[in-house]
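Single-structure report; data block below.
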Amino acid sequence: MGFHDQDLRDTALDWLNQANATPNERASFSGHAERNASAMERHYVSASIKLARAAAAKRDAWLAEELAAAEQAASSSRA
């Protein structure tokens, strides 16, 4: 696993997306034809959404464990 030029493009397009650049602006910046902007969006933006959902799921699992531990500690101190 190493660094690839494509990583720079992916990062740049992700940053442009976060900066609210339009799909056509991002396509123009990356050298995609405007007519291919929707295909480009599916590739780059959907990946970001998938990563965000995966991160949220991990956060939710961690939070559930923390709350369960806190409840257990609270019940032990009452007993």
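What follows is calculated from the coordinates using simple rules that are stated; it is not laboratory data. Given the structure is predicted, the values throughout are model-derived calculations rather than measurements. Note: ideal-geometry Cβ built from the backbone for every residue, glycine included; neighbour counts use all protein chains shown.
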Worksheet entry | Neighbourhood charge, 15 Å Cβ-Cβ cut-off, centred on Ser30 and excluding it, Lys, Arg +1 and Asp, Glu -1 | -3
Worksheet item: Which whole-number percent gives the relative contact order of the chain, counting Cα pairs below 8 Å spaced six or more residues apart?
Response: 21
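Once the other residues with Cβ under 12 Å from the Cβ of Asn17 are scored (Lys, Arg +1; Asp, Glu -1), what is the net sum?
On the way: positive: Arg26; negative: Asp10, Asp14, Glu25, Glu41.
Its environment carries a net charge of -3.
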Discussion item. I want to check the label-to-label distance for Asp7 and Arg42. Put each point 7 Å from Cα in the C-beta direction and report it in nm to one decimal.
Written reply: 2.8
Item to complete: Work from the charge dipole of segment 5-78 (Cβ charges, +1 for Lys and Arg, -1 for Asp and Glu, about the Cα centre) and give the residue of Ser30, Ala12, Ser75 farthest towards its positive end.
Response: Ser75
